[in-house]
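Pasting a structure below so you can have a look.
The values are calculated or read from the model by the stated rules, or taken from the named source; none is laboratory data. Values in this document were obtained by computation on a predicted structure and should not be read as measured data. Positions of Cβ are backbone-derived with ideal geometry, glycine not excepted, and every protein chain shown enters the neighbour counts. Heads up: the accessible areas ignore ligands, DNA and RNA and are worked out on the full protein's heavy atoms, side chains in. Shrake-Rupley method; radii C 1.70, N 1.55, O 1.52, S 1.80 Å.
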Amino acid sequence: MHAVLVGVDFGRGDFLASLEELALLSKSAGAAPVASVTGRRTSPDSALFVGSGKADEIAAAVSEFGAELVIFNHPLSPAQQRNLERQLNVRVVDRTSLILDIFAQRAQSHEGKVQVELAQLQHLATRLVRGWTHLERQKGGIGLRGPGETQLETDRRLIGERVKMLRAKLDKLQRQRITQRRARERSHTFSVSLVGYTNAGKSTLFNNLTKAGVYAANQLFATLDTTSRRVHLGDVGSVVVSDTVGFIRELPTQLVAAFRATLEETVHADLLLHVVDGASPVRDEQIEQVNLVLKEIGADHIPQILVWNKIDLAELAPAIERDEYDKIHRVFVSAQTGAGIDLLRSAIAEFAYKKT
């Protein structure tokens, strides 16, 4: 499906890196970006997000490239999305919907699927507005609703009921996870969580450390479900290593909330391996974004080792770097080639040894 990408520079952050990320997200969702329309504004237009002149420019790009989709690198209000669709005559998707769509495609576990559906329904509920005439028709819904209830009200009520049911399911799954974690804590097993920006190479590193064979691909959000494996580290014994969902700038709030249960593995870890794409020109900004999410979920107090991954692409050598207190600060590795993995194992062992 051909898509026109739209980005507006409001003068905050790295605009070009954010636009490149949108192209990657679009490809991950199965769209083929054929054109980009960019502009500068101080604030969004209330009706169209972009000005009317820029909307005409987007319409021209849609027509020229035969695009069936327009993807905005920003969250749109329901009214803005509707106005744009009327003007452009194609489907308009915002950044939030795009990320939700990728998550829906990638969720593997029962818990992951429940979390994604919950986030999607919460997002959809904000989109059920009176302007959508196709939802306003009266229908004879036998057994579904009271007399005189409109389709819009039915949809709202059904979504509300489904959300309630999904929340109850998530609570149950969360309780099971807590029970499993308590059993680990009772056995005093040292736990390690891999965190990092999406596509930093966490799953490849996880596979290399644990020989687990978890799905790893050069795409955004290849991993959505937390996977845990035991790793034997010589004299220290076994440690539990968990792979987690990748973080991204402006992760939709519905998803942070929905994935809080999964991310709680991170909160209860003894050590975080913060995996960084050492070859990325915006790695410092990505480190900052990950630390912001860690703070949001209450995991900013946990000891961290920065794992500088992809050293083969950055032409760096495997190494361990220590701070002024002789504590391990960074380990340079390549999850792809295996270079430096032995150094990382010894770094984890050193932390585990000090904890026991």
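Mind listing the phi-derived Karplus ³J(HN,Hα) values for segment 43-60, rounded to whole Hz, using 6.51, -1.76 and 1.60 with θ = phi - 60°, and x for any glycine or proline?
The phi angles translate into 8, x, 6, 5, 8, 10, 6, 9, x, 5, x, 5, 5, 5, 5, 5, 4, 5 Hz.
Amide H neighbours of LEU233 under 5 Å, at least 5 residues apart or on other chains, H built in the peptide plane: list them.
SER238, VAL239
Relative to the Cα centre, what is the charge dipole magnitude of segment 2-68, using +1 at the beta carbon of each Lys and Arg, -1 at the beta carbon of each Asp and Glu, and rounding to the nearest 20 debye?
Numbers: 5 positive and 9 negative charges, 29 e Å.
About 140 debye.
While we're here: Ignoring ligands and nucleic acids, what accessible area does HIS329 show with a 1.4 Å probe (Å², nearest 10)?
The accessible area comes out at roughly 80 Å².
Here's another thing I want to ask about it. Between ALA319 and ILE178, what is the spin-label point distance in nm, taking each point 7 Å from the Cα along the Cα→C-beta axis?
Inter-label distance under the simple model: 4.6 nm.
Here's a follow-up. So how much slack lies between ASP284 and SER63, counting 0.36 nm per residue of separation and subtracting their Cα-Cα distance, in nm?
Once the chain is fully extended between ASP284 and SER63, it gains 75.7 nm.
Here's another thing I want to ask about it. Using 0.36 nm per residue of separation minus the Cα-Cα distance, give me the extension gain between THR126 and LYS164 in nm, one decimal.
Difference between extended and current length: 12.1 nm.
With a ≥ b ≥ c the root eigenvalues of the C-alpha gyration tensor of segment 31-101, is it rounded (a/c under 1.5), prolate (a/b larger than b/c) or oblate? Working shown, then result.
On the way: a/c = 1.42, a/b = 1.09, b/c = 1.30.
Rounded.
Can you give the % of DSSP beta bridges in segment 1-139 that are antiparallel, to the nearest 5?
Within segment 1-139, antiparallel bridges account for around 5 percent of the total.
Students sometimes get this wrong: rank MET165, MET1 by accessible area, probe 1.4 Å, all chains present, largest first.
Heavy-atom accessible area, descending, gives MET1, MET165.
Enter the Cα centre distance for the pair segment 6-25 and segment 276-340, rounded to the nearest angstrom.
When both Cα centres are located, 24 Å separates them.
Mind listing the phi-derived Karplus ³J(HN,Hα) values for segment 272-278, rounded to whole Hz, using 6.51, -1.76 and 1.60 with θ = phi - 60°, and x for any glycine or proline?
In residue order, the calculated couplings are 10, 9, 8, 7, 10, 6, x Hz.
Additional query: For segment 3-20, in order, what is each residue's ³J(HN,Hα) by Karplus, 6.51 cos²θ - 1.76 cosθ + 1.60 with θ = phi - 60°, in whole Hz (x at glycine and Pro)?
With coefficients 6.51, -1.76 and 1.60, one gets 10, 9, 9, 10, x, 10, 8, 9, x, 10, x, 8, 5, 5, 5, 5, 5, 4 Hz.
Solvent-accessible area of LYS113, probe 1.4 Å, all protein chains present, reported in Å² to the nearest ten, please.
Number for this one is 110 Å².
Would you mind checking which residues have amide H under 5 Å from ASP9's amide H? H placed 1.01 Å from N; only 5 or more apart, or other chain.
When sequence neighbours closer than 5 places are left aside, the close amide H contacts are GLY39, ARG40, ARG41.
Any chance you could look up the accessible area of ARG177 with a 1.4 Å probe, heavy atoms only, rounded to 10 Å²?
Estimated to the nearest 10 Å², ARG177 gives 40 Å².
On to the next question. Please list, by residue number, every one of the GluC sites (Glu not before Pro) in segment 268-316 that is coil in DSSP and has at most 14 other beta-carbon atoms within 10 Å.
When the GluC sites (Glu not before Pro) of segment 268-316 are filtered for loop state and at most 14 Cβ neighbours within 10 Å, GLU315 remain.
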